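Report on one structure; see the data block that follows.
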Amino acid sequence: MHKKISRWVKDKQQGIKRALVTAYDYPMARFAAAAGMHGVLVGDSLGMVVCGDQDTLNVTLEQMCYHTRMVRRGAGECLVFADLPFGSYEKSPEQAWESAGELLRAGADVIKLEGGAEMAATVAFCAERGINICAHIGLTPQRVRQWGSFQRQGSTDAEAQRLHHEAAALSAAGARFVVMEAVPDQVAAKISREIDAVTIGIGAGPDTDAQVLVAHDVLGLEAESPPFARRYLEAGNLQQQAFAQYVQDVASGNFPPRRPH
Ligand SMILES: Nc1nc(=O)c2c([nH]1)NC[C@@H]1CN(c3ccc(C(=O)N[C@@H](CCC(=O)O)C(=O)O)cc3)CN21
Ligand SMILES: CC(C)C(=O)C(=O)O
Ligand SMILES: [Mg+2]
């Protein structure tokens, strides 16, 4: 096993929590790595927070590779995760393996794909052929058109049961990591105790093995963030203030300064 990944497994066993954040470009990856982040995720959320779309469905594999290359250059010791985008892996294990290969060549260490037990065969196919896989269950944004909005998952007993079966099937298929998004805390806690894969929660409570947040939420670059996110900074406001000051300085003649010749 990859030395870095065995440390994630060891920390799971010892109850040591790990943190990831999304990164979409070189500076974001560099700041995350310098801050001691354990992993960066090149998320297809970039379609929303970078490109301004309403969902992630328009993101292409080529775009994911482009961003993964930038992130890899800044990621240092961080483990680099990259999302397979909508349409690049669902058809067959072979399609997933080919698309995953593109992301690996772009510099990703771990390839993430959305879906439950129906993806177990694909996870096994890729894992057996040397690809580190991260599964993603619960609120899987690539399926938002089936729900109509970003809704929390697993609230009924039957749904919680299904999440449990999915996580177990994906872990047994060889997924090293499982992201659980917007699911009840107790469901995520129980799954984290019972599967070998390292669990990564987002809106899934404190008892997953690791946490992930979207960088634009952490930094306050989004107009609005999901209820579970914590905004550690309001960088959007700060950027706007800096731009406004610059506009004012140009108008007033305060910038650029007059140089003696
Ligand atoms: N900026 C950003 N941060 C994210 O974490 C994120 C995105 N965008 N876009 C893709 C998905 C969507 N995310 C979400 C969004 C909302 C809820 C949520 O809990 N919504 C409320 C109701 C919201 C409503 O109906 O208006 C809920 O209780 O379901 C969860 C995950 C997480 N992901
Ligand atoms: C929020 C995480 C889990 C994600 O899939 C993304 O950023 O695309
Ligand atoms: Mg994603």
Leaving out same-chain residues fewer than 8 places away, which aspartates and glutamates sit with a Cα under 12 Å from that of Lys3? Glu77, Asp109
Dimensionless Rg ratio for segment 187-261, taking C-alpha atoms and the 2.2 N^0.38 Å reference: 1.91
Measure nothing but the geometry: give the 0 to 90° angle between the long axis through the Cα atoms of 3-14 and the longest principal axis through the Cα atoms of the chain, rounded to 10°. 70
In Å, what is the Rg of the alpha-carbon atoms in segment 71-123, and how long is Dmax? 11.7, 35
With +1 on the Cβ of every Lys and Arg and -1 on the Cβ of every Asp and Glu, and nothing else charged, how large is the dipole of segment 3-233 about its Cα centre, in debye rounded to the nearest 20? 780
Accessible area of segment 130-254 with a 1.4 Å probe: how many percent of it is carbon plus sulfur? 51
Give the residue list of trypsin sites (Lys or Arg not before Pro) in segment 71-144 that are DSSP loop and have at most 11 other beta-carbon atoms within 10 angstrom. Lys91, Arg129
For the chain, what does -39500 (n - 2.57) per DSSP helix run (n ≥ 4), summed and divided by total residues, give at 222 nm, in deg cm²/dmol to the nearest 500? -13000 deg cm²/dmol
Hey, what D do you get for segment 135-261 in µm²/s if you plug the Kirkwood alpha-carbon radius into Stokes-Einstein at 25 °C and 0.890 mPa s? 143
How much FRET efficiency would the formula 1/(1 + (r/R0)^6) give for Glu94 and Gln13, where r is the Cβ-Cβ distance and R0 is 25 Å, rounded to 0.05? 0.15
Rg [Å, one decimal], Dmax [Å, integer] - segment 1-55, C-alpha atoms: 13.9, 40
Any idea what angle helix 185-194 forms with the longest principal axis of the chain, computed on alpha-carbon atoms, 0 to 90 degrees, nearest 10? 60
Only residues of segment 62-98 count here: report those whose backbone N is under 12 Å from the spot 7 Å along Cα→Cβ of Tyr26, or say none. 69-75
Full extension from Gln146 to Ala242: what is 0.36 nm times the residue separation minus their Cα-Cα distance, to one decimal in nm? 30.4 nm
In this structure, the FRET efficiency calculated for Asp157 and Asp196 from their beta-carbon separation, with R0 = 25 Å, to the nearest 0.05, is 0.55
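Just how many % of Cα pairs in the chain lie over 33 Å apart, if you round to the nearest whole percent?
20
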Order of exposure, largest accessible area first, which applies to Lys12, Lys17 with probe 1.4 Å: Lys17, Lys12
Does anyone have the angle between helix 235-252 and the longest principal axis of the chain? Alpha-carbon axes, 0 to 90°, nearest 10? 20
Between Lys4 and Arg105, what length comes free when the chain is fully extended (0.36 nm per residue of separation minus the Cα-Cα distance, one decimal in nm)? 34.5 nm
Roll a 1.4 Å probe over the protein chains and send me the accessible area per residue for the chain in Å². 52
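The values are calculated or read from the model by the stated rules, or taken from the named source; none is laboratory data. Not measured: the values here are computed from a predicted model. Positions of Cβ are generated from backbone atoms using ideal geometry, with glycine treated the same way; all protein chains shown enter the neighbour counts. With ligands, DNA and RNA removed, areas are computed over all heavy atoms of the protein, side chains included. Shrake-Rupley method; radii C 1.70, N 1.55, O 1.52, S 1.80 Å.
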